[in-house]
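Let me begin by presenting the structure, written as structure tokens, before commenting on it.
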Amino acid sequence: MSDRKQARAMDLPDFPCPPSVGEIATHAGSWGWINPGSVSQDERGYLWVKRNAVPSPAARVPQELQALAAWTEGGIALYASRKGYQHINFLRGDVDESVWAPVASVMKEIPGYASFEQ
């Protein structure tokens, strides 16, 4: 690592995406679209997202197949469309919280700040 100063993408005004989904929980106002394969449920039905998934401010696949992870005061919130439900994986046994971040709440609609119509 050098001593040079270098800006991060999060330094850009209104850039919403930290480098990983796991960092969304610690960056107020952050959010990003993720592939639905980054979402899983455990044996009790609780939702989890892969900590190392890379969020994007724009969709990488069709909107109905994306999931949205966003910061809330309670932790990570998740939006997934009904068509994306088929891509939610299943975790067996104990969940490794160094790999998976818990989803604190779900969003029933896409919030305005992440709308595809913008």
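Any lysines with Cα under 30 Å of the Lys108 Cα? List them, leaving off those in the same chain fewer than 8 positions away.
Lys50, Lys83
Once you place label points 7 Å from the Cα toward the Cβ at Tyr85 and Val54, how far apart are they in nm?
Once both label points are built, they end up 3.1 nm from each other.
Could you rank Asp3, Asp11, Asp42 by how accessible they are, 1.4 Å probe, largest area first?
Order by accessible area, largest first: Asp3, Asp11, Asp42.
Give me the 1.4 Å probe accessible area per residue for the chain, excluding ligands and nucleic acids, in Å².
64 Å²
About its Cα centre, what dipole magnitude does the chain give when the only charges are +1 on Lys and Arg Cβ and -1 on Asp and Glu Cβ, stated in debye to the nearest 20?
About 260 debye.
Given the Cα-Cα distance of Thr26 and Met10 and 0.36 nm per residue of separation, how much length would full extension add, in nm?
Gain in length upon complete extension: 4.5 nm.
Please go through segment 1-93 and write out the trypsin sites (Lys or Arg not before Pro) that DSSP classes as loop and that have at most 14 other C-beta atoms within 10 Å.
Those satisfying the criteria are Arg4, Lys5, Arg8, Arg44, Arg60, Arg92.
What part of the accessible area of segment 50-118, given as a whole %, is carbon or sulfur when the probe is 1.4 angstrom?
The C+S portion of the solvent-accessible surface of segment 50-118 is 50 percent.
Calculate the translational D of the chain in whole µm² s⁻¹ from Stokes-Einstein, where the hydrodynamic radius comes from the Kirkwood formula applied to all Cα pairs, the temperature is 25 °C and the viscosity 0.890 mPa s.
167 µm²/s
The values are calculated or read from the model by the stated rules, or taken from the named source; none is laboratory data. Quick caveat, the model's predicted, so the values are computed rather than measured. Cβ sites come from the backbone with ideal geometry, for glycine too, and all protein chains shown count toward neighbours. SASA here: full protein model, heavy atoms, side chains in, ligands and nucleic acids out. Shrake-Rupley method; radii C 1.70, N 1.55, O 1.52, S 1.80 Å.
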